[in-house]
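Here is the structure we will look at.
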Amino acid sequence: MAENKKNQKRRFVRLGVVLPVKYRKYTGNPIFISHFNVGRTIDISSGGIKLSVSKPLTVGMKLDIEIELDDQTSPYIVGKVLGGEDKVVDGVARRIEKINFLEVDPDSQDMIMKFIFENQRKQVRQEKKSTGSK
């Protein structure tokens, strides 16, 4: 058991999923009406996201973030840019930024964790169906 913890590199379970994200330089205001950018997640955990954006963000920059988990669930998070790299995603040059969550209220963290676990369960069920195992 201790061996598994020793080899684990991540503190949080990560889910590869594409979700719409609104973001802007930190203001502390959780309301996104105007003056924001739009990106897409590459993956998400309760501790951060990989975010596909059109232009590089400054390392260390603090961000207001709203992630659209579904039509009615869009938690507000304060994040920090850890760095990134340029990649081609679906034939389009994009910047993939690693964002660490700095401030997440308990309700938002619960929403994210619930979203991740529900989607992981769906993936496992689909894999079982496709392989024919029960």
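Read-outs throughout are calculated quantities, based only on the coordinates presented, and are distinct from any laboratory measurement. None of these values were measured; they are calculated from a predicted model.
Using only Cα atoms, tell me the angle between helix 106-131 and the longest principal axis of the chain; keep it within 0 to 90° and round to the nearest 10. Compared with the principal axis, the helix lies near 40 degrees. Of the candidates L63, L51, L82, which one comes out as most mobile in a Gaussian network treatment of the chain with C-alpha springs shorter than 10 Å? Greatest mean-square fluctuation among the candidates belongs to L82.
As a length-normalised measure over Cα pairs under 8 Å and 6 or more apart, the relative contact order of segment 35-134 settles at 26 percent. For segment 1-126, the number of Lys pairs with C-alpha atoms closer than 12 Å, counting only pairs eight or more positions apart or on separate chains, is 7. Under a 5 Å amide H cut-off, with hydrogens placed 1.01 Å from N, V89 pairs with R94 among residues at least 5 apart or on other chains. Stretching the chain fully between D105 and R121 yields a gain of 3.3 nm (0.36 nm per residue, less the alpha carbon separation). Highest mobility in the GNM of the chain, judged by mean-square fluctuation with C-alpha springs under 10 Å and restricted to G83, G48, G60, is found for G60.
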